[in-house]
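The block underneath contains the structure these notes are about, expressed in structure tokens.
The values are calculated or read from the model by the stated rules, or taken from the named source; none is laboratory data. All figures in this text were calculated on a predicted structure; none of them were measured in a lab. Please note: Cβ atoms are built from the backbone with ideal geometry, for glycine as well, and neighbour counts cover all protein chains shown. Please note that ligands, DNA and RNA were not included when accessible areas were found on the heavy atoms of the full protein model with its side chains. Shrake-Rupley method; radii C 1.70, N 1.55, O 1.52, S 1.80 Å.
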Amino acid sequence: MAITSEAPRTASRHMWKLFVYSGIGAFMFFVPLTIAGRNTIMLDHIVTFLQASIGPVLPYYALAVIVAGAVYPFVTGTWKKSVVEIVFSLLKVMGMIVGFMMVFRVGPAWLFEPGMGPFLFEKLVIPVGLLVPIGAVFLALLVSYGLLEFIGVMVQRVMRPIWRTPGRSAIDAVASFVGSYSLGLLITNRVYKEGKYTARESAIIATGFSTVSATFMVIVAKTLDLMGQWTAYFWITFLVTFLVTAITVRIWPLNSIPDVYHPEATPQPEEDVTGRRLSVAWREARETVASAPSLAVNVWTNVRDGVLMAMAILPSILSIGLLGLVLATYTPVFDWLGYLFYPFTWALQLPEPMLVAKASAVGVAEMFLPALLAVDSVPVVKFVVGVVSVSGIIFFSALVPCIMATDIPIPLWKMVVIWFQRVVLTLILVTPIAFLLFPA
């Protein structure tokens, strides 16, 4: 929305919102602080504080969100829109049943093994159930007052040629790595619905930038005893992940997704800037501030979207995630899937190629599972598996339900194809690096 000739002076008076509101949002998402010996972003500190202070209440809060999420598709009628919706709606009901079993401690003994129900409920369901709605409050400050547009113009010459996304998508990438993939997807969905991303751009961001956070990477590194190489592990994972994305955006199926805007949005494509980049960035930010809704309306809209996303995610984590864990623990399904990757792990001359292949396959169920399989392996294998678990990006216990909860038009089968492509490319790229870091 352009500013009229009478408006620039008025708009300039409101530019404090860019610095104050966006600054608060950026601080909450991107600035790590050490509090009580724990170094992470402020948003994560808030979630940790709530878990510590009202811990006994949180299982019931999570259960309430799960019940609402399981019932919602049937109340709104969305459950019958497609076969995929029917399946996911039934899985949410299954997740609700598991949720009741977890909260009230009833059910078979295997469900309460530490690596089964308790892992999903305590390590994923409760933190995500808090993080998404609370993060939505600060998301309103981060994306609605010009910062997105300002940064977008400044980094456009990097983002567009390499990843074929607008410059503003840099915010999504950083939000996922330092915050949470669920928050990154919340940003992506919001911006797509506003007409600032096309369907293809939003699909690229959702499947190529929505990594697990650095916090999850720390858990993976600790499990694999890689904290001694933490800096190398973090930056190599970061670089490999986005290099893989640069390749997948150029091949099918991502390059076949229509480059069209949300049907209910007014297209707002990012201007292709060729000169005076700073002045154009400032102008874009000023126009956004001038057209921004009130703070109360903005926060309410984002919190509503955040609650709906949490309702969609939590029951799916307890159904799809649990199913993946059961298959990985008690059946040979992932041994069979491992044969898809065995030719690559064998050709790359990795130690224990079948183990790496199985670990690569099991990551599609839950990103933390590969680390559990490789915990007793040699350092080269641990490093490769640690990077693959993050760079694969797509996993059914949480990310797939997250994407399905958005308006981003990417079918489930295409996500599976992209996951396979990402795993193969990651293995090819990271294996030589791992051999350099851990020579025999």
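Things to note:
Yes/no matrix, rows are residues, columns are (1) open to solvent by less than 10 Å² (accessible area, probe 1.4 Å); (2) modelled with pLDDT under 80; (3) out of contact with any Asp or Glu (no Cβ under 7 Å at 6 or more places or on another chain); (4) not basic (Lys, Arg):
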| residue | (1), (2), (3), (4) |
| --- | --- |
| 137 | no, no, yes, yes |
| 153 | yes, no, no, yes |
| 172 | yes, yes, yes, yes |
| 177 | yes, yes, yes, yes |
| 188 | yes, no, no, yes |
| 193 | no, no, no, no |
| 206 | yes, no, yes, yes |
| 215 | no, yes, no, yes |
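- Of everything listed in (1) over 20 Å from the mean Cα position of the chain (by Cα); (2) more than 15 Å from residue 425 (Cα to Cα), the single unmet condition for residue 320 is (1).
- Residue check for residue 357: of a type in the set (A, V, I, L, M, F, W, C), without any contact (Cβ under 8 Å) to a residue 24 or more places away in the chain, touching a Gly at 6+ places or on another chain (Cβ under 6 Å) and surrounded by 15 or more Cβ atoms within 10 Å (Cβ to Cβ): yes
- Restricting the range 107-155 to residues that are among the acidic types (Asp, Glu) and assigned to a helix (DSSP H, G or I) leaves a set whose member that is farthest from the chain's Cα centre (by Cα) is 149.
Conditions tested, residue by residue: (1) open to solvent by 10 Å² or more (accessible area, probe 1.4 Å); (2) at pLDDT 85 or above.
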position	(1), (2)
371	no, yes
376	yes, yes
384	no, yes
387	no, yes
395	no, yes
405	yes, no
411	yes, yes
419	yes, yes
433	yes, yes
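- For the range 9-106, the helices (runs of 4 or more DSSP H) that sit wholly inside it and include 1 or more residues that are loosely packed, with under 14 Cβ neighbours inside 10 Å and in contact (Cβ under 8 Å) with a residue 24 or more places away in the chain are 58-76, 83-103.
- Single unsatisfied condition, residue 198 versus (1) within 21 Å of residue 418 (Cα to Cα); (2) surrounded by fewer than 24 Cβ atoms within 10 Å (Cβ to Cβ); (3) touching a Leu at 6+ places or on another chain (Cβ under 9 Å): (3)
- Qualifying residue in the range 337-360 (condition: assigned to a helix (DSSP H, G or I) and at pLDDT below 90): no
- Against the conditions (1) under 22 Å from residue 49 (Cα atoms); (2) buried (at least 23 other Cβ atoms within 10 Å of the Cβ); (3) in contact with a Pro (Cβ under 9 Å, 6 or more places away or on another chain), residue 166 satisfies every one except (1).
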